[in-house]
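Down below is the structure, laid out as structure tokens.
The values are calculated or read from the model by the stated rules, or taken from the named source; none is laboratory data. Since the model is a prediction, treat every value here as computed from it, not as a measurement. Every residue, glycine among them, receives a Cβ derived from its backbone with ideal geometry; neighbour counts consider all protein chains shown. Keep in mind that these areas ignore ligands, DNA and RNA; they rest on the heavy atoms of the full protein, side chains included. Shrake-Rupley method; radii C 1.70, N 1.55, O 1.52, S 1.80 Å.
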Amino acid sequence: MCEPSSAVSLDIETIPWGGQEYVVETRFGPLSVFVCGDEEKPALITYPDVALNYMSCFQGLLFCPEAASLLFHNFCIYHIDPPGHELGSCAITSDQPIPSADDLADQVVDVLDYFGLREVICMGVTAGAYILTLLALNHSKRVLGLILVSPLSQVPSWKEWFYNKLIMGLLYFYGMSSLVKETLLQRYFSQELRSMPGGESDIVQACRRLLDERQAKNVMRLLQAIHQRRDITQRLKTLKCRTLIFVGEHSSFLHEAVHINHHMDKRFSALVEVKSCGSLVTEEQPHSMLIPLEYFLMGYGFYRPLKLPVRNSPPSPLSPCISPDLLSPQSMGLKLKPIKTRVQMEDEAL
């Protein structure tokens, strides 16, 4: 961050849903957190993928009126940007050590402590999904639910290893070049969206412009941390929080999502495979997330306002191999206790 401060207000016209940016000092350096909504409500934590921030990773979902109604009616959303990925960030100096994925998860703990959040629900995309899964594994009492989009759990496959090395090399020698941006867009979006008649879709063009704002060194640091991740497959069965997984059928991480779902306790997890979609479901097919999200959140007693009836929602694009029963309110835990997120300082004092 160029000029660290405790709180920075952003232009509400730039961020249609309003909010305030905080710079939280963590044990591994400052972290930008954009807070949207009533802070007395339960907390939803988001964490984006490599080279993205909350605007480029979650605005499609939050621009969807039904999804925005569901989320803002029930939650205060804490958008955590990876180090050096926030709007207007400067390059992180080379004398600062590169954090590991575990370090990044520990940074999230520092954010929870800063805001006094005791229990949260988390939503992460690919790299962000891995970091938030680590958070849930290491701090199980603080994570009540996981919403994972194109998640990771194994060490990189040979294909991912090659692309990661290619991107890191290009970033080091050429910065955020056209080839780097093209490779990242392939990571995020389906071929169909990137090659529409008449050129790229508006979504892809907007993402390409936002990538221009990223600092190459900062992206390389995050990618290196995720590239060196540990295999956490054997720990997945120990997760006791409810987990909802989204993945596009054209995502390069489809096999990872299926692998994760296979190794999770089936009582607590469900997989939604989205047709004609890449990895970044929150931007490419945000409407496809609505009905599964509704059923998932019903397990915690959260509902959409009645003024936006469910019948106006699009059908859920469940994969034929996934039983719809997995997304029933009963399966998703209607009997779970109400979520409690904020530390009750006065009660604890007593």
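Against the condition open to solvent by less than 10 Å² (accessible area, probe 1.4 Å), in contact with a Cys (Cβ under 8 Å, 6 or more places away or on another chain) and at pLDDT 95 or above, how does Thr243 come out, does it pass?
On the way: open to solvent by less than 10 Å² (accessible area, probe 1.4 Å): yes; in contact with a Cys (Cβ under 8 Å, 6 or more places away or on another chain): no; at pLDDT 95 or above: yes.
Considered against the rule, which asks whether it is open to solvent by less than 10 Å² (accessible area, probe 1.4 Å), in contact with a Cys (Cβ under 8 Å, 6 or more places away or on another chain) and at pLDDT 95 or above, Thr243 comes out as no.
Pull up segment 81-137, narrow it to residues that are among the acidic types (Asp, Glu) and free of Cβ contacts under 8 Å to residues at least 24 places away in the same chain, then point me to the one that is surrounded by the fewest Cβ atoms within 10 Å (Cβ to Cβ).
If we filter segment 81-137 for residues that are among the acidic types (Asp, Glu), which is where we start, we get 81, 86, 95, 102-103, 106, 110, 113, 119.
Next, from what is left, pick out any that are free of Cβ contacts under 8 Å to residues at least 24 places away in the same chain: 95, 113.
Details: Asp95: 5, Asp113: 14.
Here the answer is Asp95.
Suppose we filter Tyr47, Tyr78 for residues that are touching a residue at least 40 places away in the same chain (Cβ under 8 Å), under 14 Å from the mean Cα position of the chain (by Cα) and more than 30 Å from Glu182 (Cβ to Cβ); which single one remains? It would help to see each step written out before you state the result.
On the way: Tyr47 fails: more than 30 Å from Glu182 (Cβ to Cβ).
Residue meeting the stated conditions: Tyr78.
In contact with a Cys (Cβ under 7 Å, 6 or more places away or on another chain) and closer than 30 Å to Tyr300 by Cβ, is that true of Ala127? Explain how you work it out, then say what you get.
Working: in contact with a Cys (Cβ under 7 Å, 6 or more places away or on another chain): no; closer than 30 Å to Tyr300 by Cβ: yes.
Considered against the rule, which asks whether it is in contact with a Cys (Cβ under 7 Å, 6 or more places away or on another chain) and closer than 30 Å to Tyr300 by Cβ, Ala127 comes out as no.
Among residues belonging to segment 271-302 that are of a type in the set (A, V, I, L, M) and either in a helix (DSSP H, G or I) or out of contact with any strand residue (DSSP E or B) (no Cβ under 8 Å at 6 or more places or on another chain) (or both), point out the one that is surrounded by the most Cβ atoms within 10 Å (Cβ to Cβ). Steps first, please.
Within segment 271-302, the subset of a type in the set (A, V, I, L, M) is 271-272, 274, 280-281, 289-291, 293, 297-298.
When the remaining residues are screened for being either in a helix (DSSP H, G or I) or out of contact with any strand residue (DSSP E or B) (no Cβ under 8 Å at 6 or more places or on another chain) (or both), the result is 281, 289-291, 293, 297-298.
On the way: Val281: 25, Met289: 27, Leu290: 20, Ile291: 19, Leu293: 24, Leu297: 25, Met298: 19.
Checking each candidate, the answer is Met289.
Quick one: which residue in Gln234, Gln224 is closer than 21 Å to Trp158 by Cβ, assigned to a helix (DSSP H, G or I), at pLDDT 95 or above and open to solvent by 30 Å² or more (accessible area, probe 1.4 Å)?
Details: Gln234 fails: closer than 21 Å to Trp158 by Cβ.
Answer to the check: Gln224.
Among the numbered criteria (1) in a helix (DSSP H, G or I); (2) in contact with a Lys or Arg (Cβ under 9 Å, 6 or more places away or on another chain); (3) not hydroxyl-bearing (Ser, Thr, Tyr), which one does Pro156 miss?
Looking at each condition in turn, Pro156 falls short on (1).
In this structure, is Cys57 outside any loop (DSSP other than H, G, I, E, B) and closer than 24 Å to Lys181 by Cα? Don't jump to the end; show me each part of the working.
Details: outside any loop (DSSP other than H, G, I, E, B): yes; closer than 24 Å to Lys181 by Cα: yes.
Judged against the criteria, Cys57 is a match.
Looking at segment 70-80, which of its residues are over 24 Å from Asp103 (Cβ atoms) and either open to solvent by less than 20 Å² (accessible area, probe 1.4 Å) or assigned to a loop (DSSP other than H, G, I, E, B) (or both)?
Leu70, Leu71, Asn74, Phe75, Cys76
Could you run through segment 138-149 and say how many residues are in a loop (DSSP other than H, G, I, E, B) and either surrounded by fewer than 14 Cβ atoms within 10 Å (Cβ to Cβ) or touching a Lys or Arg at 6+ places or on another chain (Cβ under 9 Å) (or both)? Can you show your working first?
Looking only at segment 138-149, we keep the residues that are in a loop (DSSP other than H, G, I, E, B), and these are 139-142.
Filter once more, keeping what is either surrounded by fewer than 14 Cβ atoms within 10 Å (Cβ to Cβ) or touching a Lys or Arg at 6+ places or on another chain (Cβ under 9 Å) (or both): 140-142.
Residues meeting the conditions: 3.
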